[in-house]
Amino acid sequence: MNRPPLASELNLVLCHACGKACDARVAVHHCDRCGAPLHARKPDSLTRTWAYLIASLVFYVPANLLPVMNTKMLGSGDDSTIMSGVIEFWSHGAWDIALIIFIASIAVPATKFVALGLLLVTVQRGSNWAQKERSKLYRFVELIGYWSMLDVIVVALVAALVKFQALGDIEPRPGILFFGLVVVFTMLAAMSFDPRMIWESRQPEECTDEVSSH
């Protein structure tokens, strides 16, 4: 079976900082362009990704149970969790804000938990199932990670708008802090995962096919 040569066969190591393909025989420890440390794979990738993912799951519980903001309208105030805030915005006709908060606070974190968990389990099992699709899944997780802070931004913008129009007052509550921690740790988990591990189970399979063909 004809296949492109692997980076390890060409003695090449990709620099994580500048993206240069460095000759591992010349620059064993550091990139010769930017000086960053070189690693064939991210050190302790699976361990660190699992740790960050579990931490984000732990923080996700109080982020949803604790109130994220307190809304005072015409003298009366009420604490709101993420879900109750979505329902409140929807019932007042602000369906666009409710949809943004639901996607950013509920759908995006849940998608990242499931996707990263799937990637971690399949890599640990050495699975060669849907490798191309799993690589695309990882890129999708990276993409949606940049929009994870939408909920925090929306709360800040709504608070500023309400105060500007003198309609009432909105104050943040502890839940927004835990949600921020969820965002940070899920982003760290995505950054710690090395997607090249998805393809590591492919080489032995191809080698076996080549040996059997001879």
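Numbers for the structure displayed
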| item | result |
| --- | --- |
| Ser135, Ser91, Ser192 arranged by Cβ crowding within 10 Å, fewest neighbours leading | Ser91, Ser135, Ser192 |
| Order of Lys42, Lys112, Lys136 under a 10 Å beta carbon neighbour criterion, fewest first | Lys136, Lys42, Lys112 |
| Loop trypsin sites (Lys or Arg not before Pro), region 11-53, which have at most 13 other Cβ atoms in a 10 Å radius of their Cβ (DSSP) | Arg25, Arg33, Arg41 |
| Distance (nanometres) between label positions extended 7 Å along Cα→Cβ at Trp90 and Glu171 | 2.9 nm |
| Amide H contacts of Leu14 (H built 1.01 Å from N, under 5 Å, at least 5 apart or other chain) | Cys22 |
| Taking the C-alpha atoms of region 1-40, convex hull volume expressed per residue in Å³ | 61 Å³ |
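Computed from the coordinates by the stated procedures, all read-outs in this text should not be read as laboratory data. Note that this is a predicted model, so its numbers are computed, not measured. Cβ atoms come from the backbone with ideal geometry, glycine included; neighbour counts cover every protein chain shown.
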